[in-house]
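Undergrad: So that we are looking at the same thing, I have put the structure below in structure tokens.
The values are calculated or read from the model by the stated rules, or taken from the named source; none is laboratory data. These numbers come from a predicted model, not from an experiment. Cβ coordinates were reconstructed from backbone atoms using ideal geometry, including for glycine residues, and neighbour counts include every protein chain displayed.
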Amino acid sequence: MRCEDVASHTDFWHLSAIPAVAVDLRYAGADNFVGRDLYGTLDCAWVHHLAGAGLRRAAALLEERAPSHRLLVLDALRPHRVQVQLWNHLAGTELRQYVADPARGSIHSFGMALDLTVLDPQGRELDMGSGYDEMTELSHPQLEARHLASGALTPAQHGNRLLLRQALEAGGFKGIANEWWHFEMLDRQHVRQHFTRVE
Ligand SMILES: [Zn+2]
């Protein structure tokens, strides 16, 4: 399916239809690791309805745990053509571990993965200890115990990550080992085999 046709497909929900969730797609502007707008005129504020329902549950859980805080979606549906650009941008670097090989396909391209952070009641992003798409070990959830022990990550920053993670897990998402901001729904292989990739 082409990204241009997603709006007419009932499997996808627009993020604006999900209450209490803020959206700032970083690849739709120059504030990203590539340094330019990758989405252009494409509207990428879409998710598969299964991820959309999970996001709604996550937002409700966050509201319970941290009143007046909101989830901020940083990336959602990422067309395969953009995934190819991200992959090519990192050619010849060791940073490709942070971007799915287009040959396999990113779960973002199925609308089943989300990148997010949390906004405080004043609309400011919580301090997660490292920035979105900061491709260093400080961003790895798997290494948080080590970063806490060394002081690289403060207990407050770790607590902010836990707030995000617990909300998304309550919504049915799973996090990954090397990016605190990335969450996906269902098993990757299952998604790649049974869901429609957006090109
Ligand atoms: Zn992601």
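Undergrad: For a quick check of your reading of the model, give me the residue pairs whose first member lies in the stretch 176-189 and is β-branched (Val, Ile, Thr), whose second is within 11 Å of the ligand (Cβ to nearest atom), with beta-carbon atoms closer than 7 Å and at least 6 apart or on different chains.
TA: Short answer, once both residue conditions are applied: 176/182.
Undergrad: Moving on to the next point. Restricting to the stretch 185-199, what's the tally of residues that are in contact with a Cys (Cβ under 9 Å, 6 or more places away or on another chain) and of a type outside the set (A, V, I, L, M, F, W, C)?
TA: Of all residues in the stretch 185-199, those in contact with a Cys (Cβ under 9 Å, 6 or more places away or on another chain) come to 198-199.
Cutting the leftovers down to of a type outside the set (A, V, I, L, M, F, W, C) gives us 199.
Total meeting the criteria: 1.
Undergrad: I've got another one for you. Using beta carbons and a limit of 7 Å, which pairs, at least six apart or on different chains, have the first residue in the stretch 33-56 and part of a loop (DSSP other than H, G, I, E, B) and the second one basic (Lys, Arg)?
TA: As it stands, the answer is 44/78, since those pairs meet every condition given.
Undergrad: Give the residue, chosen from 152, 76, that is of a type in the set (Gly, Ala, Ser) and farther than 23 Å from residue 13 by Cβ.
TA: On the way: 76 fails: farther than 23 Å from residue 13 by Cβ.
The match here is 152.
Undergrad: Conditions first: (1) within 20 Å of residue 141 (Cβ to Cβ); (2) at pLDDT below 95. Residue 116 passes all but one, so which condition is the exception?
TA: (2)
Undergrad: Same structure, new question: From the list 49, 89, pick out the single residue that is touching a strand residue (DSSP E or B) at 6+ places or on another chain (Cβ under 6 Å) and over 20 Å from residue 189 (Cβ atoms). Break it down into steps so the answer makes sense when it comes.
TA: Numbers: 89 fails: touching a strand residue (DSSP E or B) at 6+ places or on another chain (Cβ under 6 Å).
When all the criteria are applied, what remains is 49.
Undergrad: Does any residue of the stretch 149-157 turn out to be away from the ligand (no atom under 15 Å from the Cβ), buried (at least 16 other Cβ atoms within 10 Å of the Cβ), in a helix (DSSP H, G or I) and touching a residue at least 24 places away in the same chain (Cβ under 8 Å)?
TA: The answer is yes; a qualifying residue exists.
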